[in-house]
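To start, the structure under review is shown below, and the notes come after it.
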Amino acid sequence: MKFKEMPYKRVDYDKTAEQFKTLTKRVKEAKSGEELWEIHQEYYKVYQNMMDSMTIAEIRHDGNTADPFYAAEKDYYDETAPMLSSLATDYQRALYESPYRSFMEEKIGKVAFATMDNAIKSMDESIIGLMQEENALTTQYNKLIASAKIPFDGQVCNLSLLRPYLTGNDRTVRRQAWKAYSDYFMTVADELDDIYDKLVKNRTAQAKAMGYDNYIQLGYYRMNRNSYDRNDVENFRRQVKEVFVPFAERVHEIRRKRLGLEKLSYIDNEVYFKEGNPDPVGTAQEILESGQKMYAELSPETKEFFDFMMENELFDVFGRKDKKQGGYMTYLYQYHSPFIFANFNGTNADVNVLTHEAGHAFEAYTASRNIPVLSQTFSTAEISEIHSMAMEYFTLPWMHLFFGENAEKQKKAYLWDSLEAMPYMACVDEFQHRVYAENLTDAMERRKVWHELEKIYLPWRDYDGNEFLGQGGFWMQKQHLFMCPFYYIDYAVSRVGALEYYGKMQEDLESAWKDYYALCRQGGSKGYHELLRIGNLSDPFKEGTIYNALKKLNLI
Ligand code: ZN
């Protein structure tokens, strides 16, 4: 079914709550493993119905945050979702404690129980009020950012439509655009600080109510991490510092020379050629059509997947005013349909976001058809970002479809960009660890910490007299800090795996694709380390893996 034809009906809170309660009671009273399995399949149905309605409302709200109908739906779910989530956790707790658990482990896998354990550790009835407030705050944040009205070049831009000017070829225009960008953040800084303060206090209060010292442990449980802890992450960041910071410094120096500049300024960020980065040729619709041709040539399985996406119009990728910023993939269970959301703005980022989200969508499409057990469809983020990032590399040979004669330039720009981003990701991660560990609720204190960390992770960055950004204001533009705490490092952890695939592609494309496809087919049915083994990948947390990935590509 085409997305626009999918009917929407609000989740009836009372009815769904009653269903969860009845199912929980039945689990507690179950007399056999078989009975439990039957109940659990009913639970999946209730859960899928609920999730699909919420997801349809969310996609339509994100597409136009000013639409009053879906804004009201969003407010309704901000309020009811934590209560429903608490009831779903009660159900999971009953299943987790059931005497027939081992029978269920056979049916739905051990990982499903590790996930339940994390869900139980991160949910309690007593924090529903705080969770509702947290939802309202993130919605407020999204509305604020989506409604940005930045006057530039004779028009009014939102953040994504300003983006082409920030990386354009004319340095004077770039400078003006960056000024408009930082002026915008300066005008909303008080409001953003206020929202973030409240979020930090709120999340810390949730953690304390659940018996944790601060939000870090709770945040890790909510990210459903069950194979590594904050010490492993700290050790990973250290390796990024040792390997990627000096590497990125060298790459920036080469870039400076290529751009013919005496010194690099922040306005040259992500600009790789003097004549500007290559732009995709053709309209947004033509980008999707080129995508269809590319996926038809890449493999029979990607052809089937992308044809399905096109036929059912499972995209909302064109940039518009009042649209939520950023890109994501989500999934509609009853339609077995992934959905891709993005903000195309005519830059090469359009193609990167398409191949990235298509990697997630390909996994969702493949795993949900290979293993129909709901709890096994999706892996945790440090695996799922390999699905998306490796797809970015697998599609590089088709860049001529999007960039014509500039295809080689695009490949270079993409590769440099993908590698240079590593220190920034670690910087964002260390920043939020410090925010929650030190309870940084003072706006100026936070900027000082960001500024300190920039010196360690991004020592080349020169804000060229821009006072606001030069004094630590840059963190404010990072959506993940507001919306999904502790997510960001997953991009860096997964990048190592994606780079390994890139290395393998140079040697044997077919076997690299085979390993990648095997990983996608397994979804989240196995634990982290087992999935790495299935995908034929090294453990990125192990000392030396980061170094070896770059070494193999002859980059160090
Ligand atoms: Zn992703």
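Only the coordinates and a few stated rules stand behind these numbers; no lab work does. What you are looking at is a predicted structure, and each value in this text was computed from that prediction instead of being measured. Cβ placement follows ideal geometry from the backbone for every residue including glycine, while neighbour counts extend to all protein chains displayed.
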Legend entry - Efficiency of FRET from Cβ geometry, residue 521 and residue 269, R₀ 45 Å, rounded to 0.05: 0.75
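Can you sort 14, 170, 490 so the residue with the fewest Cβ neighbours within 10 Å comes first? Can you show the working numbers first?
Values: 14 8, 170 11, 490 23.
The fewest-first ordering by Cβ neighbours comes to 14, 170, 490.
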Legend entry - ³J(HN,Hα) computed for each position of the stretch 81-93 - Karplus, 6.51 cos²θ - 1.76 cosθ + 1.60, integer Hz, glycine/proline x: 4, x, 5, 5, 5, 5, 5, 5, 5, 4, 4, 5, 4
Inset, instruction - Subtracting the Cα-Cα distance from 0.36 nm times the residue separation, let me have the gained length for residue 308 to residue 510 in nm, one decimal. - result: 70.3 nm
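What is the stretch 15-80 by shape, rounded, prolate or oblate, if you read a ≥ b ≥ c off the alpha carbon gyration tensor as root eigenvalues and call it rounded for a/c under 1.5, prolate for a/b larger than b/c, and oblate otherwise?
On the way: a/c = 5.93, a/b = 2.92, b/c = 2.03.
Verdict is prolate for the stretch 15-80.
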Legend entry - Relative contact order [Cα under 8 Å, 6+ residues apart], the chain, whole percent: 17
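Work through the residues other than residue 278 whose Cβ is under 13 Å from its Cβ and net out their charges, Lys, Arg +1 and Asp, Glu -1. All intermediate terms of the calculation are to be shown ahead of the outcome.
Numbers: positive: 274, 409, 411, 412; negative: 270, 275, 279, 350, 405, 408, 417.
Around residue 278, the surrounding residues sum to -3.
Hey, what's the Kirkwood Rh for the stretch 338-429 if you take every pair of different alpha carbons, in angstrom?
On the way: mean 1/r = 0.0686 Å⁻¹.
In the stretch 338-429 this quantity evaluates to 14.6 Å.
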Inset, instruction - Assign one of three labels to the stretch 137-202, namely rounded, prolate or oblate, based on the Cα gyration tensor with a ≥ b ≥ c the square roots of its eigenvalues; rounded applies when a/c is under 1.5, prolate when it is not and a/b is larger than b/c, and oblate otherwise. - result: prolate
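Given a Förster radius of 30 Å and the C-beta distance between residue 210 and residue 538 as r, what FRET efficiency does 1/(1 + (r/R0)^6) yield to the nearest 0.05?
Values: r = 35 Å, r/R0 = 1.16.
For residue 210 and residue 538, the calculated efficiency is 0.30.
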Inset, instruction - Find how many whole Å separate the alpha carbon centroid of the stretch 89-109 from the alpha carbon centroid of the stretch 325-401. - result: 30
Inset, instruction - When a/c is below 1.5 the answer is rounded, else prolate if a/b is larger than b/c, else oblate, so apply that to the stretch 162-264 with a ≥ b ≥ c taken from the square roots of the Cα gyration tensor eigenvalues. - result: oblate
Inset, instruction - Determine ³J(HN,Hα), in whole Hz, for all residues of the stretch 103-115 in sequence, where each value follows from phi through the Karplus function 6.51 cos²θ - 1.76 cosθ + 1.60 and θ = phi - 60°; x replaces Gly and Pro. - result: 4, 5, 4, 5, 6, 10, x, 5, 4, 4, 6, 5, 5
Inset, instruction - In debye, nearest 20, what is the charge dipole magnitude of the stretch 83-224 about its Cα centre with +1 on Lys and Arg Cβ and -1 on Asp and Glu Cβ, if you could check? - result: 500
Inset, instruction - Could you line up 28, 4 from fewest to most neighbouring Cβ atoms inside 10 Å? - result: 4, 28
Inset, instruction - Sort out for me the Cα centre separation of the stretch 111-129 from the stretch 1-57, rounded to whole Å. - result: 18
Inset, instruction - Using the charge dipole of the stretch 6-55 (Lys, Arg: +1 at Cβ; Asp, Glu: -1 at Cβ; taken about the Cα centre), state which of 8, 27, 43 has its Cα farthest towards the positive end. - result: 8
Inset, instruction - Report the residues of the stretch 1-37 in range of a label on residue 72: point 7 Å along Cα→C-beta, backbone N strictly under 17 Å from it. - result: 8-13
Inset, instruction - May I ask what percent, to the nearest 5, of DSSP beta bridges between residues of the stretch 231-367 are antiparallel? - result: 60
Inset, instruction - Scan around residue 538 for amide H atoms under 5 Å from its own, H built in the peptide plane at 1.01 Å from N, and keep only partners 5 or more places away or cross-chain. - result: none
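Compute the FRET efficiency between residue 120 and residue 198 as 1/(1 + (r/R0)^6), taking r as their Cβ-Cβ distance and R0 = 25 Å, and round to the nearest 0.05.
Values: r = 27 Å, r/R0 = 1.06.
With a Förster radius of 25 Å, E is 0.40.
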